[in-house]
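For reference, the structure is listed below as C-alpha cells.
The values are calculated or read from the model by the stated rules, or taken from the named source; none is laboratory data. The structure displayed is predicted, hence computed values, not measured ones. When we count neighbours, we look across all protein chains shown, and the Cβ atoms used for this are built from the backbone with ideal geometry, even at glycine.
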Amino acid sequence: GMTTGGNHYERFSLSNHDRDLHVGGKETVNTLRQQDNIRRRPLHGFTLVELLVVIAIIGVLVALLLPAVQAAREAARRMSCGNNLKQLALAMHNFHDAHRHFPNANYEPMDYSNPYEFRKLGYGWSTLGLDYIESNPEKGLINFDYDYGAAQNQVAIKTLLSFYQCPSAPPNALVTCCSRISGVDDAAETNYVATCTHLNVPGAITFLVPGSGTGVMHTNMGWGRPDLGHPIKKITDGTSKTFLIGETDYPFPDDPFYTMYAGTPDCPGGKCNLGMPWALGAVSTTFYGINGKNWTTKRGIYSHHAGGAQFAFADGHVAFIGESIGQSLLAALTTRAKGETVDESLIP
C-alpha cells in the first residue's frame, strides 16, 4: 500500500461479490432493496386456513346437492317402475282381447289327482300374461302342458325378467317357494302383484274364503270355469277407479316364515330366500294398507318408493298412491263391483 497527503489508500483486487457489498456503493443499495422485496413478497398458494375453508364450502355444496341428485335418481327409478306396470297392464288387456276376460290371479286345481287339472297348478296372471307382453323375448317360456314345478319348467321359472323388477327395490333373486324343487333357490322373484282382495285373507288366496275375491284378478279353482276371470263389463265400479296390479316385497328379517318353516326343506334352519315368485301367480291384499310391515303371511302392498306405492288400474293408467290413504278409500279402489262412492279428485 502507499500513503499520499494523509489519505490512506489500499490497493487490492475486488471480486464481483465484494464489489456488490462495497459500502456506500450504489450497487449495494439496489441489491439490498431487491432482497428485501423478495422477503416481503407474498407466497402464491393456499394457507392451511384457506384450504380448510374451501373444503368446508365444498362439503356444504355437496350436502345441499346430494338430496337433489338422489331425488332425481329416485324419480327416474319410479318412472321406470311405472313403465313396467303400464306394460303389464297392457299385457292384461291384450289377454282380455284374446280371451274376453282378464286372467285369474292364481289357480288351484279342484282335483289334485286329475292330471289335467294338476298340470295347471299355480298358473295365474303373471305367467298367463307372458305371451301378451309387447317386445318380450321370453314368449313361450312356460310349457303349459306341465305345472310350474315340473322338470320341464324348472329352468324357465328361474328366469329373472326385467319387467318384473322395480328399479327402486333390491335386485330380484331366486326365492324359496316350492317343496318339490330341491334347495331354496326355487323361482325368480317379482315386485308386482295382482290386487286380489281388500279383505284379511290368509296369503291372499281368495278361493279359501268364498266371496273374498273382490278384485279384478283373484285366485280361483277349476281350470276353464266361466267365472275364472272377469271381463271388463263386470268392473262396474269403473276401470279408472279399480286397481289391477300393485307392488310388493318382503324385506323384513322378522318374517314368521323363517321360524315357521325352519324345520322343513322349504327353509332349513331358517335359511331361505323370501320373495314373490312370478311363476306362481303373484297375489296380494290391500287389507294392511301401503308400506306397512309386509310378511309373506300377509301378502300386502309394499314398495321401496318413499311415501307410497304405484298401481296399475284396470283402464291401464298408472298412479302413485300415498301410504297415508284412508283404508276405506283403498278398499274401494281394490273392489271391482261393490258400488262404493269414490271422490275422483282423490284418485291420481
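The lone criterion from (1) out of contact with any helix residue (DSSP H, G or I) (no Cβ under 7 Å at 6 or more places or on another chain); (2) closer than 24 Å to residue 95 by Cα; (3) among the basic types (Lys, Arg) left unmet by residue 180 is number (2). Among the conditions (1) farther than 25 Å from residue 332 by Cα; (2) in contact with a Ser or Thr (Cβ under 7 Å, 6 or more places away or on another chain); (3) in a loop (DSSP other than H, G, I, E, B), residue 299 misses just one, which is (1). Within region 189-207, the residues that satisfy the criterion of being among the hydrophobic types (A, V, I, L, M, F, W, C) and surrounded by fewer than 22 Cβ atoms within 10 Å (Cβ to Cβ) are 199, 205, 207. Summed over region 226-258, residues that are in a helix (DSSP H, G or I) and touching a residue at least 24 places away in the same chain (Cβ under 8 Å) total 6.
Looking only at residues of region 309-347 that are touching a residue at least 40 places away in the same chain (Cβ under 8 Å) and small (Gly, Ala, Ser), we find that the one that is nearest to residue 90 (Cα to Cα) is 316. The condition of being at pLDDT below 95 and loosely packed, with under 13 Cβ neighbours inside 10 Å holds for only one of 210, 251, that being 210. Condition test on residue 298, is it of a type in the set (D, E, K, R) and either buried (at least 16 other Cβ atoms within 10 Å of the Cβ) or closer than 22 Å to residue 93 by Cβ (or both)? It is true that residue 298 is of a type in the set (D, E, K, R) and either buried (at least 16 other Cβ atoms within 10 Å of the Cβ) or closer than 22 Å to residue 93 by Cβ (or both). Of the residues making up region 277-295, at least one is touching an Asp or Glu at 6+ places or on another chain (Cβ under 8 Å), in contact (Cβ under 8 Å) with a residue 12 or more places away in the chain, surrounded by fewer than 23 Cβ atoms within 10 Å (Cβ to Cβ) and on the phi > 0 side of the Ramachandran plot. Consider region 137-171 and keep the residues that are in contact (Cβ under 8 Å) with a residue 60 or more places away in the chain, in a loop (DSSP other than H, G, I, E, B) and touching a helix residue (DSSP H, G or I) at 6+ places or on another chain (Cβ under 7 Å). The one that is surrounded by the most Cβ atoms within 10 Å (Cβ to Cβ) is 148.
For region 172-188, residues that are acidic (Asp, Glu) and surrounded by 19 or more Cβ atoms within 10 Å (Cβ to Cβ) total 1.
For first residues located in region 82-106 and over 21 Å from residue 213 (Cα atoms), partners that are part of a helix (DSSP H, G or I) and aromatic (Phe, Trp, Tyr) and lie 6+ apart or on another chain with Cβ distances below 7 Å form the pairs 84/163; 87/163; 91/132; 94/132. Determine if region 66-73 includes at least one residue that is assigned to a helix (DSSP H, G or I) and surrounded by 12 or more Cβ atoms within 10 Å (Cβ to Cβ). Yes, because at least one residue in region 66-73 is assigned to a helix (DSSP H, G or I) and surrounded by 12 or more Cβ atoms within 10 Å (Cβ to Cβ).
Among the residues of region 126-136, those that are crowded, with 17+ Cβ neighbours inside 10 Å and either modelled with pLDDT under 90 or not hydrophobic (A, V, I, L, M, F, W, C) (or both) comprise 126, 127, 128, 129, 131, 132, 136.
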